[in-house]
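Take a look at the structure set out below.
The values are calculated or read from the model by the stated rules, or taken from the named source; none is laboratory data. Since this is a predicted model, take the numbers as computed values, not measurements. Positions of Cβ are backbone-derived with ideal geometry, glycine not excepted, and every protein chain shown enters the neighbour counts. Accessible surface is based on the protein model in full, side chains and every heavy atom, while ligands, DNA and RNA are left aside. Shrake-Rupley method; radii C 1.70, N 1.55, O 1.52, S 1.80 Å.
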Amino acid sequence: MQQSAKPVLYSYFRSSCSWRVRIALALKGIEYDLAPVSLIKDGGEQLTGEFCAVNPMKQVPALTIDGITLSQSNLAVLNKVGAEKQQWAQHFIASGFQALEQILEGTAGQYCVDDELSMADLCLVPQVYNAERFKVDLSPYPTIVRLNGALLKLEAFKQSHPSRQPDTPPDMRA
């Protein structure tokens with residue numbers, strides 16, 4: 001799809017998996033070219049032959065570095081719509097957050113594990129975004145809410161936020 005000397009990240013602005021990769025690249029100071037892949041336009045660009053040549057799994061993110069493409073393996077996307085999808089998302093996010101809140105009560109400092117950024121932090125923020133998107137009540141998870149607030153103040157998390165991506169629809173931009 002794109003030729004570049006820099007790594008190329010094939011991403012969708014709202015993909016939490018893509019967001020985790022954007023955060024990691026920002027934290028490491030790795031410059032990259034972004035190749036937005038619309039997951040909704042005309043059935044989704046991820047289904048086109050052009051993107052399938054990059055990632056036969058037809059999923060974002062895909063990161064091409066030195067001619068090698070690394071891709072994320074995801075569970076099959078829930079093929080339900082409307083309130084049923086929201087109810088499903090609320091159930092599973094809340095279930096995961098119940099366990100995570102207990103763990104974080106014992107490990108958290110400024111971040112998920114003491115005062116050092118870790119992979120847990122890169123995973124937490126996109127999942128809280130999903131929770132907010134699906135209207136999960138976050139009041140039972142004060143540690144998660146506190147950590148998310150602290151992490152969102154960091155520049156890497158700000159610049160990689162879905163609302164600041166080039167493929168973000170205008171009405172969803174920060």
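Only one of A89, A108, A120 is touching an Asp or Glu at 6+ places or on another chain (Cβ under 9 Å) and among the small types (G, A, S). Can you tell me which? First the steps, then the outcome.
Details: A89 fails: touching an Asp or Glu at 6+ places or on another chain (Cβ under 9 Å); A120 fails: touching an Asp or Glu at 6+ places or on another chain (Cβ under 9 Å).
Of A89, A108, A120, the one residue that is touching an Asp or Glu at 6+ places or on another chain (Cβ under 9 Å) and among the small types (G, A, S) is A108.
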### Query
In segment 139-155, what count of residues is obtained for those that are buried (at least 18 other Cβ atoms within 10 Å of the Cβ) and either among the hydrophobic types (A, V, I, L, M, F, W, C) or not in a helix (DSSP H, G or I) (or both)?
4
## Note on the structure
Considering segment 21-58, residues that are open to solvent by less than 60 Å² (accessible area, probe 1.4 Å) and charged (D, E, K, R), and then whichever is modelled with the lowest pLDDT, we arrive at E45
### Task
Only residues that are hydrophobic (A, V, I, L, M, F, W, C) and open to solvent by 60 Å² or more (accessible area, probe 1.4 Å): list them for segment 91-119, please.
F92, I103, V113, L117, M119
#### Entry: Those residues of segment 143-162 which are in contact (Cβ under 8 Å) with a residue 40 or more places away in the chain and not hydrophobic (A, V, I, L, M, F, W, C), in sequence order
T143, E155, Q159, S160, H161, P162
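Scan segment 127-138 residue by residue and report those that are part of a helix (DSSP H, G or I) and modelled with pLDDT of 95 or more.
If we filter segment 127-138 for residues that are part of a helix (DSSP H, G or I), which is where we start, we get 127-133.
Across segment 127-138, the qualifying residues are Q127, V128, Y129, A131, E132.
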